[in-house]
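Read through the structure below, which is laid out as C-alpha cells, and then see the notes.
The values are calculated or read from the model by the stated rules, or taken from the named source; none is laboratory data. Predicted model, so just to flag it, every value in this text is computed and none were measured. Here the Cβ positions follow ideal geometry from the backbone for every residue, glycine too, while neighbour counts run over all protein chains shown.
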Amino acid sequence: MKYLTEFRNGEIAQRMAREIHAVTTRSWKIMEICGGQTHSLIKNGIDQMLPAGIEMVHGPGCPVCVTPLELIDKALAIAARPEVIFCSFGDMLRVPGTDRDLFQVKSLGGDVRIVYSPLDAVELARKNPDKQVVFFGVGFETTAPANAMSVHVAKRSGLKNFSMLVSHVLVPPAIEALLSDPRNRIDAFLAAGHVCSVMGTWQYPPLAEKFRVPIVVTGFEPLDLLDGIRRTVVQLESGRHEVENAYARAVTVEGNRPAQKLLEEVFEVTDRAWRGIGMIPNSGWKLRAAYRDFDAEQRFDISGIHAHESPLCHAGEVLRGALKPDQCPAFGKECSPRHPLGATMVSSEGACAAYFNYGRFLSADDLASAGKAGN
Amino acid sequence: MCLAIPGKVEEILEEDGLKIGRVNFGGVVKRVCLDYVPEVKLGDYVIVHVGFALSILDAETAELTLADFRAMGAFDEEFASEEEQFARAAAQSSSPCPDGSCPDDASAVKVAGKPE
C-alpha cells in the first residue's frame with residue numbers, strides 16, 4: 001500500500017539502525033508513549049536492532065488499559081440492561097472487569113456490538129428508536145474528534161436514545177506526571193504521531209524546556225520509529241532538549257484546526273484517574289454541560305459498583321514504564337490473552353499483549369532449546 | 001487505538017450534513033468522514049482513524065522523507081570494511097532470485113539501488 005510499504009523497507013531499516021549504533025556512546029532510556037508504537041517496535045523487532053545501551057520504555061498510551069476498572073464495571077452494568085444496545089471498539093471486549101468482561105455480558109444475553117466508527121453507533125440509534133444505544137467513548141486525542149462528531153451529530157439530529165460513556169485521556173499531562181515522579185528514569189520521549197496530527201506539536205515545547213527532555217514526534221512504521229529514535233539519540237548525545245517532528249507528512253505545528261474547534265465545543269478538561277497510575281490533574285476530557293444529556297453516566301443510574309483489582313496484576317507498573325511485561329511474575333502464567341488479569345494483556349495497544357503475541361515470553365534458553373529441537 | 005492508515009480519496013459526497021468520502025486502502029474501500037479536512041480533493045491521500053480523516057498526507061514531504069531515509073548510511077556503505085561488504089554481498093546473493101531465474105529487468109532494478 002502506498003505510503004505504508006515504502007516505510008517498511010528492511011534494507012533501509014538496517015542502515016538506519018547502523019546510524020543509531022554509530023551515534024550512540026552512552027546508555028539512554030527512551031519512552032514511546034503510544035501503545036500502537038509499542039506493538040510496532042516489538043512486532044518488527046526494532047528494540048532488538050538498537051545498541052545495548054538504548055532501552056525503549058513502554059508508556060501508558062493505551063486508552064483501553066488506563067480506563068479505570070470502576071468505569072469498566074459501569075460499562076458492564078449498562079451493557080447488561082435489556083433496553084440497551086452497547087457499542088464499543090473491538091479491543092474493549094476482552095478487558096476484564098471485576099467479575100466479567102463485555103464478551104461474557106453478550107453471552108449472558110446483553111446486546112453488545114463492535115463498531116468501526118462511533119458514527120455507526122449513531123446510525124444504530126436512528127434505526128432502533130425503541131432502544132438506548134450507548135457508545136463506550138474511550139481514547140486519546142486521536143479518537144476524540146470522532147467521538148465529538150458523533151455526539152454533535154446526535155444532538156443536531158435530536159436523537160434522544162444515544163449516549164456516550166466517556167473516558168477520554170490526554171497525552172501532555174501524562175508526560176508531565178511521569179516526569180514529575182521522583183522515580184522517573186526516562187531521558188526522552190517519542191510523542192505519538194497521530195495524537196499530534198490532531199493537536200499539533202505546540203503543546204510540547206514547554207514540557208521539553210521544563211524537564212530538559214527531547215520530545216520527537218514519531219510515526220508508526222518501522223522506518224519512522226527508527227528515525228524518531230535516531231533523532232532522539234542525536235539530541236541526547238549533544239545535550240539538546242528540543243521538540244522535533246519526525247512525522248512531517250502527517251503532522252503540523254498547529255494540528256487539525258477544524259477538529260480542535262469541535263473538541264472545544266463538545267468537551268471540557270477534567271481530572272481523570274488513570275488505571276494503574278492514579279489521579280492526574282487536567283488529564284482528560286468530559287462532555288460540556290450543553291452535551292450533558294448525552295452522558296451515559298447521567299442517563300443511567302449505576303450505583304453499587306465495587307471495583308476490585310486483581311492483586312496478582314502489575315499492569316500499573318508496566319503502564320508507568322517501571323516494569324517490563326515479562327518481568328511481571330504472572331506474565332504468561334496466571335495471565336495470558338486467554339485468561340487476562342489486566343487490560344494490558346488484551347488491548348491491541350497493551351504492552352503485555354505485544355510481548356505475549358510476539359513471543360517475548362520465551363527466555364534465551366527457551367529459544368536455544370527450541371532451535372535445537374527444530375534441528 | 002491510535003493506529004491510523006493512509007488511503008486515497010476516490011469519491012466525495014454529502015450525507016446527512018456530513019462530508020463523506022469513499023477512501024481506498026490498497027483495494028479495500030471504506031466510507032470515511034471528511035469533515036475535519038474540508039480542503040480535501042479527489043486523489044489526495046488522507047490519514048484515517050476510526051472512520052475519520054485526521055489529516056491530508058503531504059505527498060511531497062513523504063517523498064522527501066523517503067529520499068532522506070534512502071540516502072541514510074550511504075556514507076557508511078562507501079567506507080564499509082571489507083568484512084562488512086562481504087557480509088552484505090552474501091546477504092544479497094540469497095535474494096530475490098538465487099537460482100538466477102530473475103528476468104533481466106528485475107536485476108537491473110536491483111543494481112540501480114531501488115529495492116522497492
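Observations on the model:
- Odd one out for residue A:287, checked against (1) aliphatic (A, V, I, L, M); (2) out of contact with any strand residue (DSSP E or B) (no Cβ under 8 Å at 6 or more places or on another chain); (3) surrounded by 12 or more Cβ atoms within 10 Å (Cβ to Cβ): (2)
- Some residue of the range A:26-47 being at pLDDT 95 or above and more than 25 Å from the chain's Cα centre (by Cα): yes
- When the range A:316-350 is filtered for residues that are assigned to a loop (DSSP other than H, G, I, E, B) and among the polar types (S, T, N, Q), the ones remaining, listed by number, are A:336, A:347, A:348.
- Residue that is modelled with the highest pLDDT [pool: residues in the range A:144-197 that are acidic (Asp, Glu) and in a loop (DSSP other than H, G, I, E, B)]: A:187
- Residues of the range A:107-143 satisfying the condition of being assigned to a helix (DSSP H, G or I) and within 23 Å of residue B:20 (Cα to Cα): A:118, A:119, A:120, A:121, A:122, A:123, A:124, A:125, A:126, A:127
- Test result for residue A:217, buried (at least 22 other Cβ atoms within 10 Å of the Cβ), β-branched (Val, Ile, Thr) and part of a strand (DSSP E or B): yes
- Residue within the range A:360-373 that is modelled with pLDDT of 95 or more, surrounded by fewer than 23 Cβ atoms within 10 Å (Cβ to Cβ), of a type in the set (Ser, Thr, Tyr) and assigned to a helix (DSSP H, G or I) present: no
- Failed item, numbered, when residue A:283 is tested on (1) more than 10 Å from chain B (Cβ to nearest Cβ); (2) of a type in the set (Ser, Thr, Tyr); (3) over 19 Å from the mean Cα position of the chain (by Cα): (3)
Every residue, every condition in (1) under 25 Å from residue A:278 (Cβ atoms); (2) within 14 Å of another protein chain (Cβ to nearest Cβ); (3) touching a residue at least 40 places away in the same chain (Cβ under 8 Å), yes or no:
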residue: A:141; (1), (2), (3): yes, yes, yes
residue: A:146; (1), (2), (3): no, yes, no
residue: A:161; (1), (2), (3): no, no, no
residue: A:178; (1), (2), (3): yes, no, yes
residue: A:184; (1), (2), (3): yes, no, no
residue: A:188; (1), (2), (3): yes, no, yes
residue: A:202; (1), (2), (3): no, no, yes
residue: A:236; (1), (2), (3): no, no, yes
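- Residues that are surrounded by 19 or more Cβ atoms within 10 Å (Cβ to Cβ) and over 18 Å from residue A:343 (Cα atoms), drawn from the range A:20-41: A:20, A:24, A:28, A:30, A:31, A:32, A:40, A:41
- Counting only residues that are farther than 12 Å from residue A:164 by Cα and within 14 Å of chain B (Cβ to nearest Cβ), the range A:126-135 holds 2 of them.
- None of A:84, A:105, A:122 is within 14 Å of chain B (Cβ to nearest Cβ) and either within 30 Å of residue A:160 (Cβ to Cβ) or modelled with pLDDT of 95 or more (or both) except A:122.
- Selection within the range B:18-54: residues that are surrounded by fewer than 22 Cβ atoms within 10 Å (Cβ to Cβ), within 7 Å of another protein chain (Cβ to nearest Cβ) and not in a strand (DSSP E or B). The member of this set that is modelled with the lowest pLDDT is B:26.
- The range A:63-83 - residue that is touching a residue at least 60 places away in the same chain (Cβ under 8 Å) and surrounded by fewer than 21 Cβ atoms within 10 Å (Cβ to Cβ) and, of those, farthest from the chain's Cα centre (by Cα): A:81
- Residue under evaluation residue A:114, criteria (1) within 14 Å of chain B (Cβ to nearest Cβ); (2) surrounded by 22 or more Cβ atoms within 10 Å (Cβ to Cβ); (3) touching a Gly at 6+ places or on another chain (Cβ under 7 Å), criterion not met: (2)
- Test for residue A:254: is it at pLDDT 95 or above, under 30 Å from residue B:64 (Cα atoms) and assigned to a strand (DSSP E or B): no
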